[in-house]
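The values are calculated or read from the model by the stated rules, or taken from the named source; none is laboratory data. Everything numeric in this text was worked out from a predicted model, so none of it was measured. With ideal geometry, Cβ positions are generated from the backbone for all residues, glycine too; neighbour counts draw on all protein chains shown.
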Amino acid sequence: MPEDMLSKIIADKKNLERVLDNLKIGIIAHDLNRRIFYFNHAAERITGYNREEVLGKDCHQVFGEPFCGGQCSFADHAPAFTGKKEYLNNIVTKSGEARRIEMSVTMMKDSKGRDFGVLASLADVTEILNLSMKARELASFSGIVGKDAKMMMVFRQIQDVAGYDYPVHISGETGTGKELVAEAIHNESHRSGAPFVPINCGALPESLIESELFGHVKGAFSGAIRDKKGRFELADNGTIFLDEVAELSRQMQVKLLRFLQGGKFEKVGGEKTVRVNVRVISATNKDLKKEIQQGTFRKDLFYRLNVIPIHLPPLRERRNDIPLLVDHFLMEAGQMHDNMPPKISREAVSLMMEYHWPGNVRELQNAIQFAIVNCNGDMIFPKDLPMELKDQSILCSPRGASRKLNEEMVKTALEKSGGNKAKAARSLGVGRATLYRFLSDHPHTFQG
């Protein structure tokens, strides 16, 4: 009987519309020509558009980007999928407000199995995401690991800028993850279905950088045996990431500035003007304002690139993320080699927490990979870590301690402290990491 009742409700068009209008999830349906034929109340609330504005119209003309952006399966009218597709999207409402949306898109078929339209459901998760960031409940965002307040700020910046095409400049020390942030901005934007093209401006000689960026035509120089697309052309409709942008010569800075002003360029040896639609994200570990003062970087280019600045904190300023990152890299290694990765001892983590990490997250990742190879069992101890981590506790000890520990004195200190290692370290005049390392190097004497 309940099934019969449900069939009657669904069969009646008005009843079905009442059901759909009472859903908290937005429902949009359009035909194969992208003409919208259904738009429920929740879709009105989420997008800011009312039914009269959208029914019968092409969804791309109504919403534009980033709603109907690179992830849309109907970008060229012909559908690019036949089943179901789920993804996160950033949209801009009619009033200009950026919202974070979970989308589920399903191809609708008639009784003969023929495609006749698309049903899309929209769930607004903006507030949930914002509250998670405020409560620091997120462990990662768009592939970037971190819970520190400074990283929450970076996550919010990524979320805020993703819906717009303004140039972004990312600053931070080597190894802080500037390319990860650039790729996250791309993945969170309407351009995510198009290419993300990185280029390290400091890794190529001056003679090749122009060709790499803008391409060349056949015969432009010795060895140019065919026409070649540059990175800007390969990134058309997507994002180009210019890492180490401060390394560009003054001549290349002028050419980059010209592109940023007009979105066009000529290939090396070419006469035709090429136009592309790309978002530019740049990064450097240098202080560009100092580079301007020294005359090595153009001020006008700086203002073109630095429309939205994002600064990444060094790892030593977010030490509480170290255990989280360690677990992430261990799990990543296990997945890569299809085995169970070793665990890491509390003493080894403590040593990592005290280290100053000049190479930042990249150095931490390298240290974990080294330790995995170096450890003989299923547990990483301080002795398994790279030498610079094992040595730093003595070199950087605030007490300047150089006392040589022995088993008897350590035993006595632990007995007096009731097994409290922090108190024992203080009584011995050494740092905790030094004591942990000693205990790890003498596992048979100090068990448990």
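In segment 266-319, which strands (runs of 3 or more DSSP E) lie fully inside it and hold 2 or more residues that are surrounded by fewer than 18 Cβ atoms within 10 Å (Cβ to Cβ)? Step through it out loud before you land on a result.
Numbers: elements: 273-275, 279-284, 308-311.
Ranges flagged: 273-275, 308-311.
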Could we say that Asp165 is acidic (Asp, Glu) and either assigned to a strand (DSSP E or B) or out of contact with any strand residue (DSSP E or B) (no Cβ under 7 Å at 6 or more places or on another chain) (or both) here? no
Out of all the residues in segment 131-139, is one or more assigned to a helix (DSSP H, G or I), aliphatic (A, V, I, L, M) and under 20 Å from Asn89 (Cα atoms)? yes
Give the residues of segment 168-191 that are under 23 Å from Gly230 (Cβ atoms) and either part of a strand (DSSP E or B) or assigned by TED's automatic domain parsing to the domain that holds Arg100 (or both), sorted by residue number. Val168, His169, Ile170
Return only the number of the condition from (1) more than 20 Å from Gly359 (Cα to Cα); (2) touching a Cys at 6+ places or on another chain (Cβ under 8 Å) that Val245 does not satisfy. (1)
Consider segment 223-258. How many of its residues are free of Cβ contacts under 8 Å to residues at least 40 places away in the same chain and of a type in the set (A, V, I, L, M, F, W, C)? 2
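Against the definition (closer than 26 Å to Thr239 by Cβ, at pLDDT 75 or above and out of contact with any Lys or Arg (no Cβ under 8 Å at 6 or more places or on another chain)), how does Arg34 come out, yes or no?
Working: closer than 26 Å to Thr239 by Cβ: yes; at pLDDT 75 or above: yes; out of contact with any Lys or Arg (no Cβ under 8 Å at 6 or more places or on another chain): yes.
It is true that Arg34 is closer than 26 Å to Thr239 by Cβ, at pLDDT 75 or above and out of contact with any Lys or Arg (no Cβ under 8 Å at 6 or more places or on another chain).
Of all residues in segment 192-245 being of a type in the set (A, V, I, L, M) and assigned to a loop (DSSP other than H, G, I, E, B), which is surrounded by the fewest Cβ atoms within 10 Å (Cβ to Cβ)?
Step one: of segment 192-245, the residues of a type in the set (A, V, I, L, M) are 194, 197, 199, 203-204, 208-209, 213, 217, 220, 224-225, 234-235, 240, 242, 245.
Going one step further and asking which of them are assigned to a loop (DSSP other than H, G, I, E, B), we end up with 194, 203-204, 217, 220, 224-225, 235.
Values: Ala194: 21, Ala203: 12, Leu204: 15, Val217: 17, Ala220: 17, Ala224: 16, Ile225: 8, Ala235: 25.
Only one residue tops the list, namely Ile225.
Results for (1) at pLDDT 80 or above; (2) β-branched (Val, Ile, Thr), shown as yes or no for each residue.
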site	(1), (2)
Met353	yes, no
Val373	yes, yes
Asp378	yes, no
Ser393	no, no
Leu428	no, no
Asp441	no, no
Phe446	no, no
So which residues in segment 45-64 are out of contact with any strand residue (DSSP E or B) (no Cβ under 8 Å at 6 or more places or on another chain) and part of a helix (DSSP H, G or I), if there are any at all? Glu52, Glu53, His60, Gln61
